[in-house]
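J.: One structure, pasted below without further comment.
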Amino acid sequence: MPEGHTIHRLATRHRELFAGHPVRAHSPQGRFTAGAALIDGRVLLDTEACGKHLLHHYEGDRILHVHLGLYGKFADGELPAPAPVGQLRMVLTGYDHWLELRGPTACEVLDPAAADLLRARLGADPLRDDADPAFAYGRIRSSTKPLSALLLDQSIVAGCGLIYANEVLFRAGLSPATPGVAIDPDRWTAIWDDLRALMKEGVARGRIDTVHIEHTPEAMRRAPRVDRHGGEVYVYRRPGQPCLVCGTPIARGPMAGRNLYWCPACQPPVTAPRKRSA
């Protein structure tokens, strides 16, 4: 599933291509015909990313909401648009570009009240300037759940996915199993600031890179990582390979139905603080 930096890049891309002009919308697949009719011919005013959710704001308070999920993807190009191929949920045609959407989990038109409800159920998005990290910490500090699960909970931290969660915990020296109640305010601030910086770099570069400069392929004289997700990382999808910092084999294990990765030496277990007896 695309992580939040990808959705923010898409929001910027779609704004650059279509904002300020009316768009034509249709659904070759037929599953979005009614929704396409609601925005067809309307001017796109702006776009917005909220975690892993993309919003197109059209005149007349019509808001297109897209969540790509596991299989959704966009494609775009200059006009003329190609003939539809496969199961296209939506096609937008603007002044000089086209946009195709296929396979999303959600593709619907909302009114402003429904869009507000969507935002309200999402946590703090590190890529938004209006995000409140204190809101996220309020949920984390009161939970005994593993910090990895809390970071992946979109109602706590919106837009953080599996790669960023694994990597920011490594960079913080914290085991994925660390309970939320073990995180003090200063440590949470450091995690949030690091996550925000990493995701901003992801927006700028279009890929996830998390290693410090001394651990890049050039600095370590090693081969670049080859993976369809791209980018240089410390632990994600590197089980059994040596840690780039200490050489310990990277571990992998399931937690809350997800595969997590960590270095047993660099990320030692942390237990929850004991409650004081009365």
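J.: Select, from 176, 254, 185, the only residue that is farther than 22 Å from residue 69 by Cα and open to solvent by 20 Å² or more (accessible area, probe 1.4 Å).
T.: Values: 176 fails: open to solvent by 20 Å² or more (accessible area, probe 1.4 Å); 254 fails: farther than 22 Å from residue 69 by Cα.
The match here is 185.
J.: Restricting to the range 29-47, what's the tally of residues that are closer than 30 Å to residue 153 by Cα and either more than 24 Å from the chain's Cα centre (by Cα) or surrounded by fewer than 18 Cβ atoms within 10 Å (Cβ to Cβ) (or both)? Even if it seems obvious, please write down each step before you answer.
T.: Initial filter on the range 29-47 (closer than 30 Å to residue 153 by Cα): 31-32, 35, 46-47.
Add one more test, that the residue is either more than 24 Å from the chain's Cα centre (by Cα) or surrounded by fewer than 18 Cβ atoms within 10 Å (Cβ to Cβ) (or both), and what stays is 31-32, 35, 46.
The total comes to 4.
J.: Look at residue 12 and say whether it is part of a strand (DSSP E or B) and of a type in the set (Val, Ile, Thr).
T.: Working: part of a strand (DSSP E or B): no; of a type in the set (Val, Ile, Thr): yes.
Spelling it out, it is not the case that residue 12 is part of a strand (DSSP E or B) and of a type in the set (Val, Ile, Thr).
For every residue, the table says whether it meets (1) under 19 Å from the mean Cα position of the chain (by Cα); (2) in a helix (DSSP H, G or I); (3) modelled with pLDDT of 95 or more.
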| position | (1), (2), (3) |
| --- | --- |
| 192 | yes, yes, yes |
| 207 | yes, no, no |
| 226 | no, no, no |
| 235 | yes, no, yes |
| 244 | no, no, yes |
| 254 | no, no, no |
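J.: On to the next question. I need the full set of residues from the range 10-24 which are closer than 30 Å to residue 202 by Cα, surrounded by 15 or more Cβ atoms within 10 Å (Cβ to Cβ) and out of contact with any Pro (no Cβ under 9 Å at 6 or more places or on another chain), in order please. Give the derivation first.
T.: Quick first cut of the range 10-24, residues closer than 30 Å to residue 202 by Cα only: 10-21, 23.
Among the residues that remain, those that are also surrounded by 15 or more Cβ atoms within 10 Å (Cβ to Cβ) are: 10-11, 13-15, 17-19, 23.
Residues satisfying the conditions are 11, 13, 14, 15, 17, 18, 19, 23.
J.: Another question, if that's okay. Consider residue 119 against the criteria (1) basic (Lys, Arg); (2) over 23 Å from residue 12 (Cα atoms); (3) touching a strand residue (DSSP E or B) at 6+ places or on another chain (Cβ under 8 Å): it satisfies all of them except one. Which criterion is unmet?
T.: For residue 119, the failing item is (2).
J.: Take the range 212-247 and flag every residue that is open to solvent by 40 Å² or more (accessible area, probe 1.4 Å) and of a type in the set (Val, Ile, Thr).
T.: 213, 226, 245
J.: Being among the basic types (Lys, Arg) and outside any strand (DSSP E or B) is the filter; apply it to the range 19-44 and report the residue that is nearest to residue 61 (Cα to Cα). Can you show your working first?
T.: Restricting attention to the range 19-44, the residues satisfying the condition of being among the basic types (Lys, Arg) are 24, 31, 42.
Right, trim to outside any strand (DSSP E or B) and you get 31, 42.
Numbers: 31: 22, 42: 10 Å.
By that ranking, first place goes to 42.
J.: Quick check on this structure: which one of 278, 272, 265 is at pLDDT below 95, part of a loop (DSSP other than H, G, I, E, B) and open to solvent by less than 70 Å² (accessible area, probe 1.4 Å)? It would help to see each step written out before you state the result.
T.: Values: 278 fails: open to solvent by less than 70 Å² (accessible area, probe 1.4 Å); 265 fails: at pLDDT below 95.
Just one listed residue meets the conditions, 272.
The values are calculated or read from the model by the stated rules, or taken from the named source; none is laboratory data. Keep in mind that what you see is a predicted model, and the values were worked out from it rather than measured. Methodologically, a virtual Cβ is constructed for each residue, glycine included, from the backbone with ideal geometry; neighbour enumeration extends over all protein chains shown. With ligands, DNA and RNA removed, areas are computed over all heavy atoms of the protein, side chains included. Shrake-Rupley method; radii C 1.70, N 1.55, O 1.52, S 1.80 Å.
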